[in-house]
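Here's the structure, in structure tokens; my notes come after.
Rule-based calculations on the coordinates, nothing more; no lab input. No experiment lies behind these values; they were computed from the predicted model shown. Here the Cβ is made from the backbone with ideal geometry for all residues, glycine too, and neighbour counts use every protein chain on show.
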Amino acid sequence: MDFIQRILLMTALFGLSAPLFAENVEAEVDWNRRVAMGFGISGHVKSVNLKVGSRVAMNEPLVTLDSSLLDIAHSRSVNAVQIREIEVDEYRAVMAREQTLFDEGSLSAVSLDQTALELSRRELALSNAELERKQTNYMLELAALRAPFDAWVVDSDFTVGQYVYHESEDPPVITLVERGRYLARTVVDVPTLSAIESAKELKIIVGDNVYVAVGARLGIEPVSGSSGNPRYSVVFEFTSDELIRPGTSCSISVF
């Protein structure tokens, strides 16, 4: 029997054995995303708007620092921009008048160039003031931790009045996990992996609840097993509004 015939025979045998993988594959639930968040600046904690185990919505403020000095600096930068804008508008009007006089021959080129140079200086000052305003606004944003997505609060190190030094070796953090999306993790052999790849629909069974997989990540390299029987990691994503604790047993229905 030549090589091509052996390949065809193996393919046929595998096709006959495919129904064997209709049985569920045991797996374990895990979080889809887990993040630990800390401050990028130092300061005293002003408010803590969370409880461990509670739900939080995307962009909801969780912990804020006292930003009194930052508020003052930002107000000054806003005022500086307004002043610079008025100065630029005034000098643009002067430039327009002197350009008219120059075109009529009533103003020298030297005087016009001096006015243009002064206008450029004022425009540069305005640009610098706008950058200062953006910087103070950015610092104000750093003074508040917001949820990057709909989440469950897993843990928090923050208390009101606490001083946060963000450059310490072990700064305080808040730990969040994504709410509504979960993973089902397992390790399978080659035949099961092939069955998963060709499946039309994958379902995740957690207790009495059944969820349709909305995404899958199939391993390319083996993670365990011998060279003759390698096993590959597979991860399936599914959605649920309920809290499912990581480590919960589940199963994956391949067919």
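Does anyone have the angle between helix 68-103 and the longest principal axis of the chain? Alpha-carbon axes, 0 to 90°, nearest 10?
With rounding to tens, the tilt is 60 degrees.
Report the residue, chosen from Leu62, Leu107, Leu243, that carries the largest GNM mean-square fluctuation when the chain is represented by alpha-carbon nodes joined by springs under 10 Å.
Leu107
So how strong a dipole does the stretch 68-142 carry about its Cα centre when Lys and Arg Cβ are +1 and Asp and Glu Cβ are -1, to the nearest 20 debye? Spell out each step's value before the answer.
Details: 8 positive and 14 negative charges, 51 e Å.
For the stretch 68-142, the charge dipole is close to 240 debye.
Once label points are set 7 Å from the Cα along Cα→Cβ at both Asn24 and Ala57, what is their separation, rounded to one decimal in nm?
Calculated label separation equals 3.5 nm.
Could you compute the FRET efficiency for Val110 and Ile86, with r as their C-beta to C-beta distance and R0 at 30 Å, rounded to 0.05?
Details: r = 27 Å, r/R0 = 0.89.
Approximately 0.65, to the nearest 0.05.
Which of the lysines could a cross-linker bridge to Lys46, judged by Cα under 30 Å and excluding same-chain residues fewer than eight apart?
Lys134
Can you give me the angle between helix 3-17 and the longest principal axis of the chain, using Cα atoms only, in degrees from 0 to 90, rounded to the nearest 10?
Helix 3-17 and the main axis of the chain meet at about 90 degrees.
Rounding to the nearest 10 and keeping the result within 0 to 90°, find how far the Cα-based axis of helix 109-142 lies from the longest principal axis of the chain.
40
Run the quick spin-label model on Glu167 and Val78: label points 7 Å from Cα toward the beta carbon, then report their separation in nm to one decimal.
If labels sit at Glu167 and Val78, their model points lie 3.0 nm apart.
I need to check one value: relative contact order of the chain, counting alpha carbon pairs closer than 8 Å and at least 6 residues apart, in percent.
Details: 441 pairs, mean separation 79.8, N = 255.
Across the chain, relative contact order equals 31 percent.
Residue farthest toward the positive end of the dipole of the stretch 134-196, with Cβ of Lys/Arg at +1 and Asp/Glu at -1: which of Thr175, Val190, Tyr165?
Val190
Beyond 25 Å, how much of the Cα-Cα pair distribution for the chain remains, as a whole percent? Don't jump to the answer; show the numbers that get you there.
Working: 21718 of 32385 pairs.
Here the long-distance tail beyond 25 Å is 67 percent of all Cα pairs in the chain.
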